[in-house]
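Asks: Please find one structure pasted underneath; my questions will follow.
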Amino acid sequence: MSVHSQVRRVTTHVLHEMKLRGEKIAMLTAYDYSMARILDGAGIDVILVGDSASNVMAGHETTVPITLNEMIYHAAGVVRGVKRALVVVDLPFGTYQGNSKEALASAIRILKETGAHAVKMEGGREILESVSRILSAGIPVMGHLGLTPQSIHKFGTYVVRAQEQDEARKLVEDAHLLEKTGVFGIVLEKIPAKLAEEVSTSLRIPIIGIGAGPDVDGQVLVLHDMLGITQEFSPRFLRRYHNLNQEIHGAVENYIVDVKRKDFPNEREQY
Ligand code: KIV
């Protein structure tokens, strides 16, 4: 029997067990109670309250502007909708880089005020002190390497990362450093599939890919992208499982027509 079908609550230990058994981990983002309930009911292993909320919920161009209070608002709703999945919350830009005390204070606020189980942080060697301090308080941390959207103004573009040897070597070293420091897993975003495979096979912790090929321990997508709510974002790695944008558009058009022609509400829809 699979680990996935046996557990009543997904923990970081369950994810390690899944990696050991070669069972893939399914992870998606969510930002609110209603969606989180649907994902959890469908059996998702991990829900990420991603700072992609900055893009898909708030309409910002990047993930940079979202605040800790906003992340806490989203995460608290998600946690209320979840019975089984592990809930991981992104520490937003500016709340952990360069000051490990502030990083710990941010992570504590997330766990205390939302009930989430873990935090995710972007970066390698440059954030190790913050990672270590948060871990020492007993808060599980997930790493994030490769394309790290919080650094968009440094990189300048969202192209595939670590294609050059130097950057690839640094990424592998950072992944090992993060594992040694104690993170329970790492997200690898938009890097060559071969490099992701190398990281996954050389580390004991689960590696979750987004645009990192099939040979990692699990996959994550942004919910609004995979459901086809967002339309303008179409990277090669994105598989759309629905066209909700069109479905919602059609439903709203039908509603408008019904209201305008006084068809809604009818006799059965009133008191
Ligand atoms: O914020 C987010 O949604 C993420 C995923 C792309 C992994 O970090």
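Asks: Helix 244-260: angle to the longest alpha-carbon principal axis of the chain, degrees 0 to 90, nearest 10?
Replies: 20
Asks: If each of Ala251 and Arg236 carries a label point 7 Å out from its Cα toward its Cβ, how far apart are those two points in nm?
Replies: Result for the modelled spin labels: 3.5 nm.
Asks: Something else: Quick one: work out the % antiparallel among DSSP beta bridges in the chain, nearest 5.
Replies: Given both bridge residues lie in the chain, the antiparallel proportion sits at roughly 5 percent.
Asks: I'd like the carbon and sulfur percentage of the solvent accessible area for the chain, probe radius 1.4 Å, heavy atoms only, ligands and nucleic acids excluded.
Replies: The value for the chain is 53 percent carbon and sulfur by accessible area.
Asks: If you build the convex hull over the alpha carbons only and average its shadow over all orientations, what do you get for the chain? Give it in nm² to one decimal.
Replies: 16.8
Asks: For the range 1-160, calculate the relative contact order in percent as a whole number, restricting contacts to Cα pairs under 8 Å that are 6 or more residues apart.
Replies: Across the range 1-160, relative contact order equals 19 percent.
Asks: Over the chain, give the accessible area per residue in Å² for a 1.4 Å probe, as an integer.
Replies: That works out to 52 Å² per residue.
Asks: Show me the three semi-axes of the equivalent ellipsoid for the range 67-139, from the C-alpha gyration tensor (sqrt of 5 times each eigenvalue), largest first, rounded to whole Å.
Replies: So the three semi-axes of the range 67-139 are 21, 12, 10 Å.
Asks: Using only alpha carbon pairs under 8 Å that are at least six residues apart, calculate the relative contact order of the chain and give it in whole percent.
Replies: In percent, rounded to a whole number, it is 15.
Asks: Can you pull out the GluC sites (Glu not before Pro) in the range 1-90 whose DSSP state is coil and whose Cβ has at most 13 other Cβ atoms within 10 Å?
Replies: Here the GluC sites (Glu not before Pro) that fit, given the DSSP loop and packing criteria, are Glu61.
Asks: So which trypsin sites (Lys or Arg not before Pro) in the range 139-218 pass both tests, a DSSP loop state and at most 16 other Cβ atoms within 10 Å of the Cβ?
Replies: Answer in residue order: Arg204.
Asks: At a Cα cut-off below 17 Å, give the lysines reachable from Lys154, other chains included and same-chain residues fewer than 8 away excluded.
Replies: Lys170, Lys190
Asks: Moving on. So between Ile152 and Arg9, what do we pick up on full extension, going 0.36 nm a residue minus the alpha carbon distance?
Replies: Difference between extended and current length: 48.0 nm.
Asks: If you don't mind, there's one more thing I want to ask. So what's the back-of-envelope 222 nm ellipticity for the chain, counting only DSSP H runs of four-plus at -39500 (n - 2.57) apiece and dividing by all residues, rounded to 500?
Replies: -12500 deg cm²/dmol
The values are calculated or read from the model by the stated rules, or taken from the named source; none is laboratory data. Because the structure is predicted, anything quoted here is derived from the model rather than measured. Neighbour counts are summed over all protein chains in view; Cβ atoms, including those assigned to glycine, are modelled from backbone coordinates with ideal geometry. Note: areas computed on protein heavy atoms with side chains; ligands, DNA, RNA excluded. Shrake-Rupley method; radii C 1.70, N 1.55, O 1.52, S 1.80 Å.
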